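Asker: First, the structure itself, so that you have it in front of you.
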Amino acid sequence: MTQPILEARNLRVRYPSGTLTDRLLGRGPRHVTVLPDVSLSVEAGQTLGLIGESGSGKTTLGRAAIGLAPISGGSIRVGDATATSEDAPEWAGIRRRTSMMFQDAVASLDPRMTLGTSVTEPLAIAGGFDGNRRDKAAELLGLVGLSPDFADRYPHQISGGQARRVTVARALALEPDLVIADEPTAGLDLSVQGELLNLLGELQNRLGVSFLFITHNLSVARHVTNRIAIMYLGRIVEEAPTRTIFSAPEHPYTRALIGAREATGGGGLIEGDVPSLTRRPEGCEFRTRCPLATDLCAAKAPALREIAPGHTASCHYAGQPAGVSHS
Amino acid sequence: MSAPVLALDNVSIRYPSAPAAAVRNVSFEVGTGETLGIVGESGSGKSTLAAAMMGLLPRGSCVTGSLRFEGRDLFGQMTERDLRQLRGRDIATIAQDPFTALNPVMKIGRQLDIFQHWYHDRPRAERKARILEMLEQVRLSDPDVRMQQYPHQLSGGILQRVSIAAALLAEPKLLIADEPTTALDATTEAQILGIMAEAKETLRGATVFITHDMSVVERLCDRIAVLYAGELVETGTVAEVLGNPQHPYTKALLECDPARIEEPTSELPTIGGTVPALDDRPAGCIFEPRCPSAVARCRAEAPLRHDLGPRRSAACHLVTP
Ligand SMILES: Nc1ncnc2c1ncn2[C@@H]1O[C@H](COP(=O)(O)OP(=O)(O)OP(=O)(O)O)[C@@H](O)[C@H]1O
Ligand SMILES: Nc1ncnc2c1ncn2[C@@H]1O[C@H](COP(=O)(O)OP(=O)(O)OP(=O)(O)O)[C@@H](O)[C@H]1O
Ligand code: SF4
Ligand code: SF4
Ligand SMILES: [Mg+2]
Ligand SMILES: [Mg+2]
């Protein structure tokens, strides 16, 4: 197999915590580590789904992959370029072949620019485009089901789902090799969502585009991803082919996620306190909410290990026949 | 039904400088204790209706028909000051975009305090405790840290839960929630929907819930209104509309739900074609260019709303009572 197009290796990201005054006065911890140590790769021409609890660090990982988060350890490699800090010179090259669909679609559009200017902006920045910008804008907007008259409108004059589609069109302007798609279908109706996903699939078939696909929508992930990585408190706790994640999840958190979608009314809920990024539980970080937790889980953190070919999980009891884990 | 909390009668809304109305002739009612789900095409006017219910349409928008909250016409009889008071006290909203809903330069804790206006004369410590409790209820980690943070330091789902907390702290008579769970993972969403269902029991009023997620409609709503291109095409109870959809748009929409497709597929179903541009509306039925069941009459004549039972209707020529 060829090497993955995107590879995060032992990536560590932390933000300054609290206010500036708090930091100056030495109150509380100075940093909050969002991603303690993430390794993850996206194979060329494939789609890796990244799913996890709200606030677990998915957007942070996606942003770090194009150099938009404070990297304090480890590395990001895209193609042949490897970067190890936020201000590495490699980012310019990486960003030329990578597009980002930001989760905050509306905020990511410049309020003073018409949508036509916004969607063709990447072409202008990259240079070398000598076609008609208006025609190109109409073409890009058409890809996402918006009529050409949207080119003259401003971001505050469109609906939430229309803004989402504009950002998708903009991300596709340069025909990137790699797309970091952060909740690309949030806020779309089911038909437009289907159209957009089919469009992304078509691009993948035609141009071999690879996707890191961040989503909360499990039904969408089930259809469009090849593999899925599950994130909890900034760590990947399970990764496997999509079918396996749905048919034979091994980590108790993954099971709860899948269960929550299938159950109507109360099932699949995770009990227990929401853990804190600043006061991470010792041992297994999921143990404060895990229905299977034992003394071992409090004493020792489980390593992410391969439990079947292409299937990793970080739970002491993953890969054991049902029942054994309750001992 | 007792007197409705919210009643829309033939409401049309046109944005300033727009070539045509974004919402046309929409009528529905929401009673005390009821939750109405609004679903429909992206750009069909759902958020526009929400903005109208809050009296927050951009200046220069043109509204016809009547929109009544507890019997008072929001556009006829109320001054800007009355409206502001209403927004502060009786009507609360969870905005569609969590990233721009909050004030970017004010700490979360202070923003939340402003929402609990019923408690303004209570001691500071008590108000703070109430906020902390609410943040815990919406499953936020590190609630005390969150109170000291600014919106840009929070993730999408955390912001969304802060907005939900704000709306619940306000204890409104009418809660308008515009896609409040799109940024939440499945387990957190299930918990939040549980909290909202509970709040429904204790709230004194009505809820309008805008969403694209049919499973959310099933879990939380009593009634549903389906919008297409600014028009109300079908309405009824959730069981009636999802179980036995009558309008061709509703049927087509439900068939696109990836959750209803068993085998994984890379070719998802869609409704062919696109919504007609605002200034290029067909003369007959608005859905005609995309409708698989269209007949000759549909192109010439716009269908009226046909009543199919008490508070159940669909606007299509092929629908007969
Ligand atoms: N600029 C920042 N400063 C401080 N903390 C931040 C900043 N950006 C993000 N965080 C924190 O990092 C954590 C992870 O945020 P991130 O946006 O990556 O989560 P996420 O998994 O994308 O969540 P969601 O599903 O809700 O979008 C959160 O606790 C968030 O508050
Ligand atoms: N300020 C504005 N000026 C002109 N047109 C507008 C304005 N705001 C929205 N529109 C248009 O009005 C229509 C209805 O928009 P609205 O935001 O109500 O849609 P929506 O149903 O909420 O869609 P979504 O599901 O995508 O959020 C859209 O076609 C939109 O482009
Ligand atoms: S290691 Fe223990 S606490 Fe952690 S997920 Fe496995 S069983 Fe649960
Ligand atoms: S009136 Fe005609 S075109 Fe319109 S929805 Fe009914 S069948 Fe389709
Ligand atoms: Mg995010
Ligand atoms: Mg909207």
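The values are calculated or read from the model by the stated rules, or taken from the named source; none is laboratory data. Remember, predicted model here, so these are calculated numbers, not experimental data. Cβ placement follows ideal geometry from the backbone for every residue including glycine, while neighbour counts extend to all protein chains displayed. For the accessible areas, the whole protein counts, side chains as well, though only heavy atoms, and no ligand, DNA or RNA atoms are used. Shrake-Rupley method; radii C 1.70, N 1.55, O 1.52, S 1.80 Å.
Asker: Before anything else, pin down the relative contact order of the range B:1-110: Cα pairs under 8 Å, at least 6 apart, normalised by residue count, whole percent. Intermediate results must be reported in sequence, preceding the final value.
Answerer: Numbers: 141 pairs, mean separation 31.6, N = 110.
Relative contact order, the range B:1-110: 29 percent.
Asker: Further question on the same structure: Could you look at the range B:279-321 and say what percent of its accessible area is carbon and sulfur, using a 1.4 Å probe and all protein chains? Numbers along the way, then the final one.
Answerer: Numbers: 1410 of 2640 Å².
Accessible surface attributable to carbon and sulfur in the range B:279-321 totals 53 percent.
Asker: Of all accessible surface on the range B:107-255 at a 1.4 Å probe, what whole percent is carbon and sulfur? Write out the running numbers ahead of the final one.
Answerer: Numbers: 2480 of 5080 Å².
C and S atoms contribute 49 percent here.
Asker: With unit charges on the beta carbon (Lys/Arg positive, Asp/Glu negative), name the residue among A:L174, A:P70, A:P155 whose Cα is farthest towards the positive pole of the charge dipole of chain A.
Answerer: A:P70
Asker: Per-residue Cβ counts within 10 Å, from other chains only, averaged over B:256-267: what number is that?
Answerer: Values: counts 7, 5, 13, 9, 2, 4, 0, 2, 9, 5, 10, 6.
Mean partner shielding for this stretch: 6.
Asker: Could you give the Stokes-Einstein D for the range B:1-156 in µm² per second, using the C-alpha Kirkwood radius, 4 °C, 1.567 mPa s?
Answerer: Working: Rh = 17.9 Å.
Estimated via Stokes-Einstein, D reaches 72 µm²/s.
Asker: Ignoring any ligand, DNA or RNA, what whole percent of the accessible area of chain A comes from carbon and sulfur when the probe is 1.4 angstrom? Don't skip to the end; give the middle numbers.
Answerer: Details: 6890 of 13660 Å².
On chain A, the fraction of accessible area on carbon and sulfur atoms equals 50 percent.
Asker: Shifting gears a bit: So how far, in whole Å, is the C-alpha centre of the range B:84-106 from the one of the range B:172-206?
Answerer: So the two Cα centres are separated by 15 Å.
Asker: Separate question: For A:G73, enumerate residues with amide H under 5 Å from its amide H, sequence gap 5+ or separate chain, H modeled in the peptide plane.
Answerer: Amide H neighbours of A:G73: A:R12.
Asker: Counting heavy atoms of the protein chains only and a 1.4 Å probe, report the per residue accessible area for the protein assembly as shown as a whole number of Å². List each step's numbers first, then the result.
Answerer: Numbers: 27300 Å² over 648 residues.
That works out to 42 Å² for each residue.
Asker: Follow-up question, since we're still on this one. May I ask for the accessible area buried between chains B and A, both sides summed, probe 1.4 Å, to the nearest 100 Å²? Could the numbers behind the result be given before it?
Answerer: On the way: alone 15680 and 15780 Å², together 27300 Å².
Rounded to the nearest hundred, the buried surface is 4200 Å².
Asker: Please compute, for the alpha-carbon atoms of chain A, the extent along each of the three principal axes and give them in descending order in Å.
Answerer: Extents along the principal axes, in whole Å: 68, 50, 42.
Asker: Now for a separate question. How big is the dipole moment of chain A about its Cα centre under a simple scheme where the beta carbon of each Lys and Arg is +1, that of each Asp and Glu is -1, and everything else is neutral? Debye, nearest 20, please.
Answerer: Roughly 540 debye for chain A.
Asker: Between A:A229 and residues 5 or more places away or on another chain, which pairs have amide H atoms under 5 Å apart, with H built 1.01 Å from N, and which residues are they?
Answerer: A:G49, A:L50, A:I51
Asker: Further, regarding this structure: When the convex hull of the C-alpha atoms of the range B:100-171 is computed, what volume per residue in Å³ does it have?
Answerer: Values: hull volume 5.5 nm³, N = 72.
Convex hull volume per residue, Cα atoms: 77 Å³.
Asker: Next up: If I model a spin label as a point 7 Å beyond the Cα along the Cα-Cβ vector, how far apart are those points for A:T278 and B:N244 in nm?
Answerer: According to this spin-label approximation, the distance is 5.7 nm.
Asker: Going highest first, how would you order B:307-319, A:300-312 by mean Cβ packing within 10 Å?
Answerer: On the way: B:307-319: 17.7, A:300-312: 14.3.
The most tightly packed comes first, giving B:307-319, A:300-312.
Asker: Apply the Karplus parameterisation 6.51 cos²θ - 1.76 cosθ + 1.60, with θ equal to phi minus 60°, to every residue of the range A:214-223 and state each ³J(HN,Hα) to the nearest whole Hz, in sequence, with x for glycine and proline.
Answerer: 8, 8, 9, 8, 5, 5, 5, 4, 4, 8
Asker: Okay, next question. Express the C-alpha Rg of the protein assembly as shown as a ratio against the empirical globular expectation 2.2 N^0.38 Å, rounded to two decimals. Show your work: numbers first, answer last.
Answerer: On the way: Rg = 24.7 Å, N = 648, 2.2 N^0.38 = 25.8 Å.
Compactness ratio reported: 0.96.
Asker: Here's another thing I want to ask about it. Per residue of A:60-66, count partner chain C-beta atoms within 10 Å of its C-beta, then hand back the mean as an integer. Can you show the working numbers first?
Answerer: Details: counts 1, 0, 0, 0, 0, 0, 0.
Mean inter-chain Cβ contacts per residue within 10 Å come to 0.
Asker: Can you give me the C-alpha center-to-center distance between the range A:279-314 and the range A:119-155, rounded to a whole angstrom?
Answerer: 48 Å
Asker: Would you work out the Kirkwood radius for chain B? I mean one over the mean of 1/r across all pairs of different Cα atoms, in Å. Write down the numbers at each step before the final one.
Answerer: Values: mean 1/r = 0.0480 Å⁻¹.
One decimal place: 20.8 Å for the Kirkwood radius.
Asker: Report, in degrees rounded to the nearest 10, the 0 to 90 angle that the Cα long axis of helix A:190-207 makes with the longest principal axis of chain A.
Answerer: That helix lies at roughly 80 degrees to the long axis.
Asker: Amide H neighbours of B:A225 under 5 Å, counting only residues 5+ apart in sequence or on other chains, H built in-plane at 1.01 Å?
Answerer: B:G37, B:I38, B:V39
Asker: Which parts of the range A:179-206, residue by residue, lose 30 Å² or more of accessible area when the rest of the protein chains are there, as against the chain isolated (1.4 Å probe)?
Answerer: Buried by the other chains: A:G187, A:D189, A:L190, A:S191, A:E195, A:N198.
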